[in-house]
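Visitor: Just dropping this structure here.
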Amino acid sequence: MRIRFARWLAVSDEPQAVGQMLHPERGVFTKQGPPGARYGNDTKFIGQPVPHAVWCPPGHRLPASIRLPSPLVIKVERLAAELGY
């Protein structure tokens, strides 16, 4: 499933690349921000980098204000449903 998802996103599906995607806590942006913007990141995730489930109400759709092309919205909604959202 991970490789299929990477291909769908048109990003590398090489094992090393997929491995890096599975550990966002190691990313260059998962740290405290500079002085004056220390808490711009998700401090709970930085302190305890564990993925967590996100609840979405049944039948929830992308807001029209996002203004994505219809084919992309359909793909996103199908993928979200397939992933259990």
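Visitor: Within region 8-58, take every residue that is in a helix (DSSP H, G or I) and at pLDDT 85 or above and give me the one that is surrounded by the fewest Cβ atoms within 10 Å (Cβ to Cβ).
Guide: Of the residues in region 8-58, the ones in a helix (DSSP H, G or I) are 8-9, 15-21, 24-26, 43-47.
Narrowing the set further to residues that are at pLDDT 85 or above leaves 15-20.
Values: P15: 10, Q16: 7, A17: 11, V18: 15, G19: 11, Q20: 13.
In this case the residue turns out to be Q16.
Visitor: State all residues of region 63-72 that are at pLDDT 80 or above and of a type in the set (A, V, I, L, M, F, W, C); if no residue qualifies, say none. If you could, list the steps in order and put the result at the bottom.
Guide: Taking region 63-72 first, the residues at pLDDT 80 or above are 69-72.
Scanning region 63-72 gives a single hit, L72.
The values are calculated or read from the model by the stated rules, or taken from the named source; none is laboratory data. If you're wondering where the values come from, they're calculated on a predicted model, not measured in any experiment. Because the Cβ atoms are built from the backbone with ideal geometry, glycine has one as well, and the counts that use them run over all protein chains shown.
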